[in-house]
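Data block below; observations after.
The values are calculated or read from the model by the stated rules, or taken from the named source; none is laboratory data. In this text, all values refer to a predicted model and were calculated from it rather than measured experimentally. Every residue, glycine among them, receives a Cβ derived from its backbone with ideal geometry; neighbour counts consider all protein chains shown. Just so you know, the surface numbers come from the protein's heavy atoms only, side chains and all, with ligands and any DNA or RNA stripped out. Shrake-Rupley method; radii C 1.70, N 1.55, O 1.52, S 1.80 Å.
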Amino acid sequence: MTFSRAAAVAALVVAVSYPVRHLPVAAAPRCWRPPVVGEVVDPFRPPPCPWCAGNRGIEYSTEPGSPVRAAAPGVVSFAGPVAGTNYVVVDLGDGRRLTYGRVATVAVAAGQAVLEGMLLATTGSRFFFGLRVAEEYHDPAPLLGELVGVARLVPDDGATPRPAPVSYTH
């Protein structure tokens, strides 16, 4: 085995054995659609220990009955009450799970596949949105974005451009 091949094998072993919790969450390929329309009233505050106080997601102030939409596609792994409060958890299939909490009504069931933008629930007056990678909580805010338009190429040779595609709004 040559030195370069040995180095490549060693790098592969390190990469495969590196725990998921150390992978940067910001490496996601694209921004997620915000799940609700509302103001963030309590940002992510990581707890100093697993049972300590903090905010393991972000909280929004919302109009009661507002739609909660899937930020990303996945499969519902849980939908229902926990200690009298409704939650929906969507498994993205890559070790990440999104939690939609403090919802008034639930519109999906465990095992159901969901697409980005699909109605999951409706809100009460406050809404919780969280992200877990494996069993660690992460701030979902850096992964959220707003759709401001659909990029399209326009000919610069004087040809007539095709009509713009229809885009969705939040």
### Query
Using the Karplus equation 6.51 cos²θ - 1.76 cosθ + 1.60 (θ = phi - 60°), what ³J(HN,Hα) coupling, rounded to whole Hz, does each residue of region 117-122 give in order, writing x for Gly and Pro?
x, 6, 5, 9, 6, 10
### Task
For region 31-42, take each phi angle, set θ = phi - 60°, evaluate the Karplus expression 6.51 cos²θ - 1.76 cosθ + 1.60, and give the result in whole Hz per residue in order, putting x for glycine and proline.
6, 8, 6, x, x, 9, 9, x, 8, 6, 10, 8
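Under 13 Å from the Cβ of Arg97, count the other residues' Cβ atoms, weight Lys and Arg +1, Asp and Glu -1, and hand me the total.
Details: positive: Arg56, Arg96, Arg132; negative: Asp91, Asp94, Glu135, Glu136.
Summing Lys/Arg as +1 and Asp/Glu as -1 gives -1.
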### Message
Let me check I've understood the local charge: for Tyr87, count other residues with C-beta under 14 angstrom from its C-beta, Lys and Arg +1, Asp and Glu -1. What total comes out?
### Response
+3
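Could you give the length gained by full extension between Glu116 and Asp156, i.e. 0.36 nm per residue of separation minus their alpha carbon distance, to one decimal place?
Numbers: separation 40, 0.36 × 40 = 14.40 nm, distance 3.35 nm.
Stretched fully, the Glu116-Asp156 segment lengthens by 11.0 nm.
How do Thr105, Thr85, Thr123 rank by accessible surface area computed with a 1.4 Å probe, from largest to smallest?
My answer, sorted largest first, is Thr105, Thr85, Thr123.
Relative to the present Cα-Cα distance, how much length would full extension add between Ser125 and Ala104 at 0.36 nm per residue of separation? Walk me through the numbers on the way to the answer.
On the way: separation 21, 0.36 × 21 = 7.56 nm, distance 0.89 nm.
This chain segment gains 6.7 nm when fully extended.
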### Task
Give, in nm to one decimal, the length gained when the segment between Ser61 and Thr85 is fully stretched (0.36 nm per residue of separation minus the Cα-Cα distance).
7.0 nm
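Using Cα pairs closer than 8 Å and at least 6 residues apart in sequence, work out the relative contact order for region 74-128, in percent.
Numbers: 115 pairs, mean separation 19.6, N = 55.
Relative contact order of region 74-128: 36 percent.
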